[in-house]
1. Taking a threshold of 22 Å on the Cα-Cα distance, which of the pairs A:K51/E:K138; D:K39/F:K112; D:K51/D:K128; A:K91/E:K128 fall above it?
2. Heavy-atom accessible area per residue, chain F, 1.4 Å probe: how many Å²?
3. Which of the listed residues, A:L140, A:S103, A:V160, is farthest toward the dipole's positive end in chain A, when Lys, Arg count +1 and Asp, Glu count -1 at the beta-carbon?
4. I want the local charge near C:N8. Using Cβ-Cβ distances under 11 Å, sum +1 for each Lys or Arg and -1 for each Asp or Glu among the other residues.
5. Give me a single rounded figure for E:28-36: the average over its residues of other chain Cβ atoms within 10 Å of their Cβ.
6. Find the sum over both chains of the accessible area lost when C and B are paired, probe 1.4 Å, and report it in Å² to the nearest 100.
7. Per residue of E:19-25, what is the mean number of Cβ atoms on other protein chains within 10 angstrom of that residue's Cβ?
8. With a ≥ b ≥ c taken as the square roots of the eigenvalues of the C-alpha gyration tensor of chain A, please select rounded if a/c is under 1.5 and otherwise prolate if a/b is larger than b/c or oblate if it is not?
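The values are calculated or read from the model by the stated rules, or taken from the named source; none is laboratory data. Just so it is clear, the model here is predicted, and its values are computed rather than measured. So basically every Cβ, Gly included, is an ideal-geometry build from the backbone, and we count neighbours across all protein chains shown. When the accessible area is computed, the model is the full protein with side chains, heavy atoms only, and any ligands, DNA or RNA have been set aside. Shrake-Rupley method; radii C 1.70, N 1.55, O 1.52, S 1.80 Å.
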Protein chains: 6
Amino acid sequence: NKDKWLSNDFAGVVTGLAWTAAGGEILFVESSISKGNGKLTLTGNLGEVMKESAMIALEYLRAHAELLNLPIEAFDNANVHIHVPEGAIPKDGPSAGITMATSIASAITKRKVREKLAMTGEITLRGKVLPVGGIREKILAAKRAGITTVLLCEENRKDVNEIKPIYIEGLEIIYFNTIQDVLKTALLDEKA
Amino acid sequence: NKDKWLSNDFAGVVTGLAWTAAGGEILFVESSISKGNGKLTLTGNLGEVMKESAMIALEYLRAHAELLNLPIEAFDNANVHIHVPEGAIPKDGPSAGITMATSIASAITKRKVREKLAMTGEITLRGKVLPVGGIREKILAAKRAGITTVLLCEENRKDVNEIKPIYIEGLEIIYFNTIQDVLKTALLDEKA
Amino acid sequence: NKDKWLSNDFAGVVTGLAWTAAGGEILFVESSISKGNGKLTLTGNLGEVMKESAMIALEYLRAHAELLNLPIEAFDNANVHIHVPEGAIPKDGPSAGITMATSIASAITKRKVREKLAMTGEITLRGKVLPVGGIREKILAAKRAGITTVLLCEENRKDVNEIKPIYIEGLEIIYFNTIQDVLKTALLDEKA
Amino acid sequence: NKDKWLSNDFAGVVTGLAWTAAGGEILFVESSISKGNGKLTLTGNLGEVMKESAMIALEYLRAHAELLNLPIEAFDNANVHIHVPEGAIPKDGPSAGITMATSIASAITKRKVREKLAMTGEITLRGKVLPVGGIREKILAAKRAGITTVLLCEENRKDVNEIKPIYIEGLEIIYFNTIQDVLKTALLDEKA
Amino acid sequence: NKDKWLSNDFAGVVTGLAWTAAGGEILFVESSISKGNGKLTLTGNLGEVMKESAMIALEYLRAHAELLNLPIEAFDNANVHIHVPEGAIPKDGPSAGITMATSIASAITKRKVREKLAMTGEITLRGKVLPVGGIREKILAAKRAGITTVLLCEENRKDVNEIKPIYIEGLEIIYFNTIQDVLKTALLDEKA
Amino acid sequence: NKDKWLSNDFAGVVTGLAWTAAGGEILFVESSISKGNGKLTLTGNLGEVMKESAMIALEYLRAHAELLNLPIEAFDNANVHIHVPEGAIPKDGPSAGITMATSIASAITKRKVREKLAMTGEITLRGKVLPVGGIREKILAAKRAGITTVLLCEENRKDVNEIKPIYIEGLEIIYFNTIQDVLKTALLDEKA
Ligand SMILES: [Ca+2]
Ligand SMILES: [Ca+2]
Ligand SMILES: [Ca+2]
Ligand SMILES: [Ca+2]
Ligand SMILES: [Ca+2]
Ligand SMILES: [Ca+2]
Ligand SMILES: [Ca+2]
Ligand SMILES: [Ca+2]
Ligand SMILES: [Ca+2]
Ligand SMILES: [Ca+2]
Ligand SMILES: [Ca+2]
Ligand SMILES: [Ca+2]
C-alpha cells in the first residue's frame, strides 16, 4: 500500500496501476533483455490473462518494430523476461497491457521512461488501447505514490470526469487510443 | 455491449458475432504475422473449442494456399498470432471459425476487409461453412454496432427468415457454403 | 440429427457412424495433409480414446505403407491434421478407428472415397478391425442420411442379423477383418 | 470375455493375461516399429504404471541389445509404438511387463512368437521377472482362450500349485527368473 | 530446528532464513554449475513463487554479468541446478531471492561466501532488494544457528528496531537496497 | 515384505531401505546407462520428492565427476534410466538419495557393489548426507533380508544407539557425512 514512485534510472521499469479489493495501488513492471532466441519468461505470480497481455505486447512490438523505430534485430536475438514484484501477491487481468509494452520497448531501446509517470490500459494486437476498470481508485493511488502524469485510454475519460476535481489536482492525465502514441509520450530520448 | 464497428484500416482485423447469456454482441478477431517458423499463438481468454477453430482455419488456408491465391511461402516463414479482445472475458465455441480464417488471410495478404462487415460460422477442415446458433441475437447486435453486411452459412438462412423484417432492414445478409466464397466476398483488392 | 451424406468430391473426407445417448448419427472425418515433418494434429473436441485411434491409424498406415501401396515419402514430409466436425460436440471412443485410417489414406493418395459409404469399427496396430457397439442405431442413422453401403467388422454381423430386414432394405453391408480390405473397398482409383 | 488366441502370423503381437474385477482375461500387446529417432508411443487407454512398464521394457532391450542378439542400430533409427486393444477399456498395472518386452523384441527382429503362448509378469530394469497377482484367474482365462503354454515368474509357481490339477490339464506352464530366458522360449527363429 | 551454520568450504552454498508456522529457521541454498546450454533445474520441494525467485535471480545475474564482474561466458555454456534441502519439507515464498542470487554468483565464480553469514530478502529483476516478513523469528533462528552477520533489506530496519536489543547482541545486521551491494558484502575474494 | 538381498552380479543395482506404515523393508534401485544425450528417465511409481532425489544425485555426480574418478564423458553421451521395482507400489521421500547416487555411479563405472550392503540417507547437491527417519524399522528389515552392512548418515547414529543391541547383532553399521565417502565404501574395484 505504501509503494512510492522511485526513479527512472532503470530502463525497462514502468509504473502501472492496479485495482484490488483493498483499493488502488501502484505496481512496477520490469523487463530484462538478454541474449537469446525469442523466449518470453514471465514471473511475479501472474494469472493467465496477465500472461497473455505480455504475449500480446511483445508480439505487437515485434510485428511493428519498423513503425515504432525499434531495432528489429534486437527481438530476433533476445530473450525477454518480464517480472512484476512482489512475488507473494497473485496478480491478473488485462489492465497492465500498455505498461508491459512500454516496459519492453524501454528495455529494448535503453530509453528512459518519463519521470513520475504511471499508466493503465489493455492492449490489443493491432495496438489499440482499451479502457479498464477501477479508474477512481487507481488515480488516488497514483497521487499517493507521488505520480504526476497518468496515461489512460481515451474511453476512460468519462470515468475521470466523475472524480471530484480536488482529488486530481496537480495530476496531468493524458488520454490515448493507440500504444504507438503511448510510447511517444512515455519514452524519453535520454538513454538510461 | 456498446462496441461499434470502427474501420477497416488494419489488415488482419475482422468483426465476428458472439452470442452469450447477455445477448448478442460483436467481437474483433486480430491476426498478426511475424517472421517465424509456423508457430500459432492464441490469446484472448479462449476456450479449447475456439482454439481448435483457429488451428483448423490456419491449416485450411495453408493446405489450400494455391487454390486461394495465398502466398504459400508466407506460411512457411511466419508465426501467426490471433488475439480476440477483451482479455478479461472468457470466450469459447466454434462460431468464430470463418472470422478467424478471414482474419489470417487478410493479415497474410495485407488485403483490407470490406467495410462494415461482420460474419459468424463454424469452419471445417475441408473449408465447409457450418451453421451456428444465436442468429437472431447476433443480427440485432450487428445492426446496433453499425454493421451493414453480414455473412452467414446457407443453413442459417431459415433462422434469418424467422426474424421480423423490420429488424433487419438496411442489413445485407449473404449466405455461403464454403470459406473460399467467404474470402472472395470479405477481402478487398486494396492493401491496408 | 439431420446430417446427410453430401458428396465424395473431397479426398480425405470419410463418413463414420456414431452412437450417443440421443441415438445414432453420422459424422465426418476430415484429413488434411500439408508439408511438414510428421506432426499429427487432432481437432473436433475429441476425447483421449478417440485421439489414440488417430495415432494408431496413422502409425499403421506409415508402418505398412509399402503393403498398402501408399507413398511412404508422403508420410515423411507431411503433417497430418484430422478434424471431426462439429466442434461444439464432445466425441470419444474407439469406433472411428477405421474411418480415420481411411480418411488419412484418401488424403495421402488423393483417391476419392466410394459414394454414399459409411463405416464404423475399432482399429488395432496390426490392422485388425474390432467390433463396436450401437450397431442398430448406427445402421438406422446411416439409412436416414442417404448412405447405401456400410462397412462393419465381421464380428458385428451377428448384431446386424438381429435387426428387422425391413429396416436395412436397400443397404449393402459388407464385413471385414482387416483395415487393408476396408481400404480396398472404400477407396476408388479416381483422384479427387 | 470371449477373446481367443488367434495366430502368430504377426511379429510384434504377444498375448498377455489380465486380472480385473470381472475375472481373468487375455489381452494382446501389439508393437510396431517405424523409421524414427527413438520415440516411444503408447496407446490403449493405459495407466501410468503400465506406461512405465513399456519404458522399462524398451530400455532393458536397448541397453542389453548385444547380449540378447538384437540389432542395436534398429533401436537408434526407430520409433516404437505399443498398443493394447481395446481402446475403450482402461488398463493399468505392471504385469504386462514381460509381454511388452517380448512384443518389442519380436517386432524389432520380425521373429514369430511361439504358437498358443501367453505370459504375465513384471519386468525390472536389470531384466528380472517379478511375480504378479491373479494367477488362478489368469490361468483359467488362458485355457478358455485356447492357450497351451503359459510363461510365469518362478515366484508364482506356488500360486499355480494351489490350483486344482484338473483346471490346468493340457496347459504347459514354464517358470522364469529373467526376461532373457523368456525371450529364448517365446521367440521362434522363423520370421513373420 | 536444530540446523547450524557449518562452514564456507563449498562455493555455491549460502545460508537463508525461513519463517514458518513453527517459527524461524535457517535453510541452505545450494547451486551447482555444470556444462550445458542454460537450463535451470530446481529441486527441494519448492513452490511456484520460490521457483520464480530462482528464475529472477539467474536472469538478473546473466543480464548484468558485466556490471557484476561475472564471467558472461559461464552463463552461456552452463546448466544451473539450485537445490534447497531438505526434500521432505515443502518451501515457498519470495524471501530466498537474494540468497539464491548469491548462491549462483558464488557457484559461477567459485568465490567463498563470508563466514557465519545469513540473509533474507526478495529480489526484483532490476536488482532491487525488497523487505520480507518474519524478521524477528528469522533473527532469533540465525543466532541459535551460530550466525554472526545477517543481511537484510533497508526497509526491514524498522522491524529489527522493534526487537529487544538483548536478543540481537553479538549479531551484525547490515541493510541493503540492491543485490549488487549484497554480493559485494557476501562474497570473498578467496576461491573455494 | 519378504524381499531378500540377492547378489551383486549386476552393476547399477543397489539395495535401499524404506519405511512405510507397514514397517521397514528393503527396496532395489536399478540404474541403466545407454547411448544418449543426458536424458534422465525415472520409473517405479515415484513421487515428486523421490524424483528430485534422482535429479540431485545425477547432477552431483556429473558436476564432481573428476573428484569422484568418474568418466565425465560417460555423462555427456549417455541417457540414465533409474527404476525402483515394484511398479504397483507408490514410493516417495528423499531417503533413497544416496542409494540412487551409488546406483548411478556403479552403472557408469560397471563397478560391483559391496555384497550384502544396504543404505539409506538423503543427499544434497554439495554431496552432504542428511539423516532420515524410521531407522529402527529399516535396520530390522535389513537384517531380515540378509544384509550384513548398513550405511547411514552420521546424524542417525543416535537413532541406532536407541535400538537394543540384540537386534543389530551381526550387522556392521557405518556412518557417513558425504556421498564421496559412501561411494568409496560401497563400490568395489571389481567390474560386473
Ligand atoms: Ca505493494
Ligand atoms: Ca477490461
Ligand atoms: Ca464487448
Ligand atoms: Ca454449432
Ligand atoms: Ca450432427
Ligand atoms: Ca468397443
Ligand atoms: Ca476383451
Ligand atoms: Ca505386483
Ligand atoms: Ca531444518
Ligand atoms: Ca513479501
Ligand atoms: Ca517388497
Ligand atoms: Ca527427512
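1. A:K51/E:K138; D:K39/F:K112
2. Values: 7950 Å² over 192 residues.
Heavy-atom SASA per residue in chain F reads 41 Å².
3. Farthest towards the positive end: A:L140.
4. Residues close to C:N8 contribute a combined charge of +1.
5. Rounded to a whole number, the mean comes out at 5.
6. Working: alone 9490 and 9470 Å², together 17440 Å².
The C and B chains share an interface burying roughly 1500 Å².
7. 0
8. Here chain A falls in the prolate category.
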